[in-house]
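Novice: Before we start, here is the structure in question, set down as structure tokens.
The values are calculated or read from the model by the stated rules, or taken from the named source; none is laboratory data. Since the model is a prediction, treat every value here as computed from it, not as a measurement. With ideal geometry, Cβ positions are generated from the backbone for all residues, glycine too; neighbour counts draw on all protein chains shown.
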Amino acid sequence: MKYFCGLDVGMDETAVCVVDDKGKVMLEAAVVTDPDAIKAALAPYLGGLRRLGHEAGSLSPWLHPELLQLGLPAVCLETLHVRAALKAQRNKTDRADALGIAHIMRTGWFRRAHIKSAACYRLRLLLTHRRNLKRKFLDLENAIRHSLKVFGIRLNRVGRGGFAQAVREAVAGDALVTELIDAMLTARAALWKQYCRLHDLVVKLVAGHALCRRFMQIPGVGPIAALSFMTAVDDPSRFKRSRDVAAYFGLTSRRWQSGSSIDVQGRISKAGDGDVRRALYEAASALLTRYKKKDKVKTWGMAIARRASHRKAVVAVARKLAVIMHAMWVDGTFYCGDPDASQADVDARTATKERKLLGAHA
């Protein structure tokens, strides 16, 4: 007899459901979210257990490798596919979700989610915390600007370096507001200090990573874009074609077709990792607007901008950069955007960029 299992994983408790190859429910239980407890609950069915599925979530990087290590045929499922399949259920409960996932395992209608390596997750955590600190810093700064508008104070042309001094001078005549603003500015300074600390750590890691330095040969691609792309892909061999990476990061357009009368091609899907998509978009924008030398990708993007719009051109170039970076990773090649440039010029530009990166954070 063949058995298929579905897990609805929670922080404290996991719903377990086992069905046979005919769809008959053999087991429904709730156990502690622990790999050993899950295996113990499945002990009577281990001989015929073919697939054990669980939805990708915050616990998946820890739970999935542990289940595989215990010899269970675990499969991590893409969240969008699971949610689409479970929408047909009338009621949403942990028990019903586990049953639905078990039937997904039985029918084979699922798509695997990639579980990244532990080292990759550590680098992703660095990027995540850097981004969170920057957002909190900007939130505090915007809150200070907004609070001063009550008194008619508008800080329109104040840079980041002179922001604190300008604010203190603006509220110097009010003792209470001065005390409040001083607390906000102190918190802002602390956030900026720790943000710079994490940013410097990112730059140091990129400076010592050969693949990221190769990515940075592309004009517009900086340390954040290079490290974000590398950690999001993790294993380039999981993509059959380089252009599949653009769809993975949501940089390809949606399509809605029904019969012969409806065929709509809309905006980009925005699926996948939003941080990587934003980093590629910023890199593409820098290539089109700031890079002044000759480059094939820039020429191609500017042609799109002339016949369509600048925004569409930036998205197209971001999509192209994702494809190029994956191809460079797989083939071990280097970027040369100027067909007329000699190899010596390319090597000199690369050496200059690496020297600036290493020198600034030695």
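Novice: Condition test on Arg188, is it among the basic types (Lys, Arg) and in the same structural domain as Met325 (by TED's automatic domain parsing)? Steps first, please.
Specialist: Working: among the basic types (Lys, Arg): yes; in the same structural domain as Met325 (by TED's automatic domain parsing): no.
No.
Novice: Give me the pairs, please: first residue somewhere in region 97-113 and among the β-branched types (Val, Ile, Thr), second residue anywhere and modelled with pLDDT under 95, beta-carbon distance under 6 Å, and either six or more positions apart or on two chains.
Specialist: Within 6 Å, the pairs are Ile104/Ala85; Ile104/Phe110.
Novice: Okay, moving on. Can you find a residue that is within 30 Å of Met216 (Cα to Cα), outside the structural domain of Gln217 (by TED's automatic domain parsing) and touching a Phe, Trp or Tyr at 6+ places or on another chain (Cβ under 7 Å) anywhere in region 120-131?
Specialist: Yes, region 120-131 contains at least one residue that is within 30 Å of Met216 (Cα to Cα), outside the structural domain of Gln217 (by TED's automatic domain parsing) and touching a Phe, Trp or Tyr at 6+ places or on another chain (Cβ under 7 Å).
Novice: Which condition number in (1) basic (Lys, Arg); (2) under 18 Å from the mean Cα position of the chain (by Cα); (3) over 30 Å from Ala226 (Cβ atoms) is the one that Arg122 fails?
Specialist: (3)
Novice: Return the pair list, or none, for Cβ contacts closer than 9 Å from residues in region 207-220 that are not assigned by TED's automatic domain parsing to the domain that holds Cys336 to residues that are in a loop (DSSP other than H, G, I, E, B) and buried (at least 22 other Cβ atoms within 10 Å of the Cβ), at least 6 apart or on different chains.
Specialist: Going by the 9 Å Cβ cut-off, there are no qualifying pairs.
Novice: Also: With the condition kept exactly as written, say whether any residue in region 96-117 is more than 19 Å from the chain's Cα centre (by Cα), surrounded by fewer than 16 Cβ atoms within 10 Å (Cβ to Cβ) and among the acidic types (Asp, Glu).
Specialist: No - not one qualifying residue is present in region 96-117.
Novice: Next question. Which residue pairs have Cβ atoms closer than 6 Å, lie 6 or more positions apart in sequence or on different chains, and pair a first residue in region 255-272 that is without any contact (Cβ under 8 Å) to a residue 24 or more places away in the chain with a second residue that is surrounded by 10 or more Cβ atoms within 10 Å (Cβ to Cβ) and aliphatic (A, V, I, L, M)?
Specialist: Partner pairs satisfying both residue conditions: Trp256/Val264.
Novice: Could you look through region 126-163, keep only residues that are assigned to a helix (DSSP H, G or I) and of a type in the set (Gly, Ala, Ser), and pick out the one that is surrounded by the most Cβ atoms within 10 Å (Cβ to Cβ)?
Specialist: Across region 126-163, the extreme among qualifying residues is Ser147.
Table: residues versus (1) charged (D, E, K, R); (2) surrounded by 14 or more Cβ atoms within 10 Å (Cβ to Cβ); (3) in contact with a strand residue (DSSP E or B) (Cβ under 8 Å, 6 or more places away or on another chain).
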| site | (1), (2), (3) |
| --- | --- |
| Asp174 | yes, no, no |
| Met184 | no, yes, no |
| Lys193 | yes, no, no |
| Met230 | no, yes, no |
| Asp234 | yes, yes, no |
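Novice: Being outside any strand (DSSP E or B) and more than 16 Å from Arg95 (Cβ to Cβ) is the filter; apply it to region 1-22 and report the residue that is farthest from the chain's Cα centre (by Cα).
Specialist: Step by step, filter region 1-22, then rank; the result is Met1.
Novice: Condition first: surrounded by 18 or more Cβ atoms within 10 Å (Cβ to Cβ) and outside any helix (DSSP H, G or I). Now tell me which residues in region 58-95 satisfy that.
Specialist: Leu72, Ala74, Val75, Cys76, Leu77
Novice: Within region 300-315, can one find any residue that is in a helix (DSSP H, G or I), within 30 Å of Tyr195 (Cβ to Cβ), in contact (Cβ under 8 Å) with a residue 40 or more places away in the chain and of a type in the set (Lys, Arg)?
Specialist: For region 300-315, residues in a helix (DSSP H, G or I), within 30 Å of Tyr195 (Cβ to Cβ), in contact (Cβ under 8 Å) with a residue 40 or more places away in the chain and of a type in the set (Lys, Arg): absent.
Here's the yes/no breakdown for (1) among the hydroxyl-bearing types (Ser, Thr, Tyr); (2) under 15 Å from His54 (Cβ atoms); (3) at pLDDT below 95:
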residue	(1), (2), (3)
Leu67	no, yes, no
Gln89	no, no, yes
Cys120	no, no, yes
Arg135	no, no, no
Asn142	no, no, yes
Leu148	no, no, yes
Val158	no, no, yes
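Novice: Ala166: buried (at least 18 other Cβ atoms within 10 Å of the Cβ), among the small types (Gly, Ala, Ser) and either at pLDDT 95 or above or part of a helix (DSSP H, G or I) (or both), yes or no? So that I can check it myself, show each step before the final result.
Specialist: Working: buried (at least 18 other Cβ atoms within 10 Å of the Cβ): no; among the small types (Gly, Ala, Ser): yes; either at pLDDT 95 or above or part of a helix (DSSP H, G or I) (or both): yes.
Considered against the rule, which asks whether it is buried (at least 18 other Cβ atoms within 10 Å of the Cβ), among the small types (Gly, Ala, Ser) and either at pLDDT 95 or above or part of a helix (DSSP H, G or I) (or both), Ala166 comes out as no.
Novice: Then there is this: Restricting to region 25-45, and then to whatever is free of Cβ contacts under 8 Å to residues at least 24 places away in the same chain and assigned to a helix (DSSP H, G or I), can you tell me which residue is nearest to Met1 (Cα to Cα)?
Specialist: First, pick out the residues of region 25-45 that are free of Cβ contacts under 8 Å to residues at least 24 places away in the same chain: 26-27, 29, 31-32, 34, 37, 40, 43-44.
Add one more test, that the residue is assigned to a helix (DSSP H, G or I), and what stays is 37, 40, 43-44.
Details: Ala37: 23, Ala40: 19, Ala43: 14, Pro44: 12 Å.
By that ranking, first place goes to Pro44.
Novice: Quick check: is even one residue across region 96-103 in a loop (DSSP other than H, G, I, E, B) and outside the structural domain of Arg188 (by TED's automatic domain parsing)?
Specialist: Among the residues of region 96-103, not one is in a loop (DSSP other than H, G, I, E, B) and outside the structural domain of Arg188 (by TED's automatic domain parsing), which makes the answer no.
Novice: Taking Val203, is it over 24 Å from Ser285 (Cα atoms), in a helix (DSSP H, G or I) and not assigned by TED's automatic domain parsing to the domain that holds Ala318?
Specialist: Criteria not met by Val203.
Novice: For region 213-222, which residues satisfy the criterion of being assigned to a helix (DSSP H, G or I) and buried (at least 22 other Cβ atoms within 10 Å of the Cβ)?
Specialist: Matches in region 213-222: Phe215 only.
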